[in-house]
1. Take the chain, connect every pair of alpha-carbon atoms lying under 10 Å apart with a spring to form a Gaussian network, then pick out the residue of Ile99, Ile125, Ile171 with the largest mean-square fluctuation.
2. If amide hydrogens are placed 1.01 Å from N in the peptide plane, which non-local residues have theirs closer than 5 Å to the one on His254?
3. Once you mark the GluC sites (Glu not before Pro) that are in a DSSP loop and have at most 14 other Cβ atoms within 10 Å, what is the longest gap between them in the chain?
4. In a GNM of the chain with a 10 Å cut-off on Cα contacts, which of Ala231, Ala24, Ala191 has the highest mean-square fluctuation?
5. So what are the ³J(HN,Hα) numbers for segment 237-243, from phi and the Karplus equation (6.51, -1.76, 1.60; θ = phi - 60°), rounded to whole Hz, Gly and Pro as x?
6. Which of rounded, prolate, oblate describes segment 166-270, given a ≥ b ≥ c as roots of the alpha-carbon gyration tensor eigenvalues and a/c under 1.5 marking rounded, otherwise prolate only if a/b is larger than b/c?
7. FRET efficiency for Lys50 and Lys112, Cβ-Cβ distance as r, R0 = 25 Å, nearest 0.05?
8. Run the numbers for Gln267 and Gln84: contour at 0.36 nm per residue of separation, minus the present Cα-Cα distance, in nm.
Amino acid sequence: MIIFSERINGMYRDVRAAIDEHKADVIQQLVRHQLEGGADVIDINLGPTKGDPVENFVWLARVVHEVTPKPLSLDSAKPDLLVQVVPRVRAALPETKLIINSSTAAPESMGKLVPLAVQHGAGIIGLTMDQEGVPGNVEKRVECGAAFLMTALEAGLQPDDIYIDPIILPINVAPKQPWNVMEAIRQLAMANEPPPHFIIGLSNISQKCLMNRLINRTYLVMCIAAGLDAAIMDAADKDLVEAAVTAEVLLEKHLYSDDYLRAWRMQKGL
Ligand code: THG
């Protein structure tokens, strides 16, 4: 499981205030906590913060990099912002692996962001949606995922640098989507050899739901069974991480032993 930390997101009030007031220590403490939980990649998203978004993004990337050399996922729904940010972060942190989060399968979005990933040796997340929005069915998700994958491979990206995201929406507003997302992962994983990575922004599913941690944990396990191998999630949620590792042991992605959780932690150097 490739764990992308969701926590450095301006959607969280503490992070938003820390970005607005340039309080590096608040961010760095959160990052340490995510790393201790097993985060492999730190996703950074400004959310509704004030100020110059390009400067804020570069500041945030530097602040995170001061505590870890791990890859950074640069998260924005605005392609034009990513086009400005990626070269700046690349110049500031030349050794750091970058992942562009995200492109859609709309030609305009892919046309800007896929060449940007190639140029900067970055990975890229492709959402299975196009200019018409998030599909309501499996077929259109698979079609968008396949179109993104083909474009990325033809541009020269390796499957290991490509992440397909079928976009999970809140269960309380889109109750049919959890199954559709799993089925899209299953079909796309089956049709492509070697497969790309499959990722979701897990906490979307339980936004404003009462049992959010239980919903996240249960759905993550279901998606792993369908072929998910990466998630943007709260790495500090121990129950969540342990459920994911257990699901992977049951699918023989890790060897079983009576002490498999400890073995997993040791292997990650935790
Ligand atoms: N796909 C990709 N990137 C993404 C998403 C995705 N990036 C953003 C988002 N979705 C994933 N990250 C989050 C981070 C937080 C929450 C959801 C998704 C979240 N937070 C709680 C809430 O809003 O209820 C708590 C907020 C708070 O405590 O203030 O839900 O899908 N590629």
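1. Looking only at Ile99, Ile125, Ile171, the biggest GNM fluctuation is shown by Ile171.
2. Distant-sequence amide H within range of His254: Val249.
3. Counting only loop sites that pass the neighbour cut-off, the longest clear stretch is 133-251.
4. Answer for the Gaussian network model of the chain: Ala191.
5. 3J(HN,Hα) across segment 237-243, in whole Hz: 7, 4, 4, 5, 5, 5, 5.
6. Because a/c hits 1.5 or more and a/b fails to exceed b/c, segment 166-270 counts as oblate.
7. After rounding to 0.05, the efficiency reads 0.45.
8. Gain on stretching Gln267 to Gln84: 62.2 nm.
Since every read-out is calculated from the coordinates, none of them should be taken as a lab result. Only a predicted model underlies this, so the values are computations on that prediction, with no experimental measurement involved. Every residue, glycine among them, receives a Cβ derived from its backbone with ideal geometry; neighbour counts consider all protein chains shown.
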